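Below you'll find the structure, written out as structure tokens, and then a few comments.
No lab work stands behind these numbers, since they all come straight from the coordinates. None of these values were measured; they are calculated from a predicted model. Glycine also receives a Cβ, built like all others from the backbone with ideal geometry; neighbour counts cover every protein chain displayed.
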Amino acid sequence: MLKYFINPVEGRLRAGWRIIIFLIIAMAMSIGFNFIVKLFGGPPEDRGISIVVRGVFVIFMGTVAVWISRIYLDKKSFKSLGIKYDSLSIKDVLLGFFLSGTMIGTVFVILYLSGLLQVTELGWTGNELSPILGILLWFFGIGVAVGWSEELVFRGYLLQNLRDGIGLVWAVLIMCVFYGVVHMSNPNSTLLSGALIAIIGFLRIFGWLRSGQLWLSIGMHAGWNFFQGPVFGFQVSGMENDSLLRHNLIGSDWISGGPFGPEAGIVVIPVIILALIVMFLWTSKRENTPWIIELKKSTK
């Protein structure tokens with residue numbers, strides 16, 4: 001009976017049980033946080049401050065839940081998930097961040113030149129003490145916090161434990177679908193948004209596959225959210241945010257993404273393809289990455 005829970009060769013819980021326990025830990029922390037917020041009268045009225053408070057918790061919850069699970073369930077080091085700091089870490093983060101900025105900027109230009117986007121307002125729309133402070137608050141809350149925590153959880157803990165249990169190919173497929181399904185609970189989601197976010201999920205996985213680290217994916221995720229919302233004024237997966245400009249989208253939502261954001265429109269597909277090419281070239285000299293290891297297995 002014990003063999004269904006413990007891998008006798010590895011001397012630890014099987015991957016499926018590790019994932020279940022991790023999800024229970026994360027869910028318990030989330031419920032606890034929401035209870036505390038309600039106990040103190042709800043989130044701050046200012047959206048910028050509120051997003052920072054939630055961002056601090058998201059970082060805390062993701063990091064602690066993953067650290068506990070990685071050390072005590074996986075019996076591996078926290079850094080082994082792909083957050084080892086080396087000479088390429090900062091370069092990967094910056095490349096990912098500005099690559100996402102270029103992607104969103106390209107989407108904006110395409111929609112504008114096609115007559116599908118009309119700019120209605122310029123200037124910071126938030127109520128913080130200053131535009132600079134507002135931008136920094138949103139950069140942290142919607143960019144850094146989400147980029148770090150979601151990559152640590154999805155492309156770090158969940159993906160890599162699935163790989164241990166069922167192999168890399170199935171792990172990638174399942175995590176892409178799961179990522180799309182999770183985001184379908186967001187406001188204004190559609191079947192198309194779920195499918196396209198699943199593809200974006202692969203884009204983030206690709207960063208880890210090609211580098212063996214999460215830094216490239218973290219930078220891309222942070223940049224995508226930040227440039228998409230606070231800079232160019234799109235909805236971020238259906239969520240409204242303060243921004244440097246406001247615009248109206250004209251025409252079919254399946255093209256532009258409509259009230260969900262660019263992830264729900266086919267306009268995002270060509271920039272995803274270009275991003276994959278850039279990431280492939282950027283990591284062309286990396287060795288012993290999950291991508292290379294899997295290729296070697298398949299050729300044996």
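Taking the Cβ of each residue in THR102, THR299, THR120, THR283 as the centre, tally the other Cβ atoms inside 10 Å and list the residues starting with the fewest.
With the fewest neighbours first, THR102, THR299, THR120, THR283 line up as THR299, THR120, THR102, THR283.
Expressed in nm to one decimal, what extension gain is obtained for the pair VAL169 and SER298 from 0.36 nm per residue of sequence separation less their Cα-Cα distance?
Additional length available on full extension: 45.3 nm.
Put a dot 7 Å past each Cα toward the Cβ at THR120 and LEU276; how far apart are the dots in nm?
Roughly 3.5 nm, to one decimal.
Project the alpha carbons of segment 191-278 onto their principal axes and report the range along each, largest first, in whole Å.
Here the Cα extents, ordered largest to smallest, are 40, 25, 20 Å.
Between segment 172-194 and segment 1-26, how many Å separate their Cα centres?
Spelled out, the Cα-based centre of one part sits 26 Å from the other.
Within a 10 angstrom radius of the beta carbon, how do LEU88, LEU168 rank from fewest other beta carbons to most?
The fewest-first ordering by Cβ neighbours comes to LEU88, LEU168.
What is the spread of the Cα atoms of segment 85-299 along each of their three principal axes, largest first, in whole Å?
Sorted largest first, the three principal extents are 55, 36, 29 Å.
Quick one: which residues, 5 or more positions from SER243 or on another chain, have an amide H under 5 Å from its amide H? H modelled 1.01 Å from N in the peptide plane, none for Pro or chain starts.
The answer is THR125, GLY126.
Report, to the nearest 10°, how far helix 47-68 tilts away from the longest principal axis of the Cα atoms in the chain, using its own Cα long axis and a range of 0 to 90°.
10
Could you compute the net charge surrounding LEU13? Neighbours are other residues with a C-beta less than 13 Å from the C-beta of LEU13; K and R count +1, D and E count -1.
Around LEU13, the charge tally is +4.
As an exercise, use a Förster radius of 22 Å and the Cβ-Cβ distance of TYR85 and ASN288 to find the FRET efficiency, rounded to the nearest 0.05.
After rounding, the FRET efficiency stands at 0.80.
How far apart, in nm, are the 7 Å Cα→Cβ label points at TYR4 and THR102?
5.2
Contour minus end-to-end for LEU113 and VAL182, with contour as 0.36 nm per residue of separation and end-to-end as the Cα-Cα distance?
21.6 nm
For segment 94-109, just list the computed ³J(HN,Hα) in residue order, Karplus coefficients 6.51, -1.76 and 1.60, θ = phi - 60°, integers in Hz, with x standing in for Gly and Pro.
5, 4, x, 4, 6, 5, 5, x, 5, 4, 5, x, 5, 4, 4, 5
Using label points projected 7 Å from each Cα along Cα→Cβ, tell me how many nm separate SER130 and ILE21, to one decimal.
If labels sit at SER130 and ILE21, their model points lie 4.9 nm apart.
Counting other C-beta atoms within 10 Å, which of VAL236, VAL53, VAL267, VAL119 has the fewest, and how do the rest follow?
In increasing order of surrounding Cβ atoms, one gets VAL119, VAL53, VAL267, VAL236.
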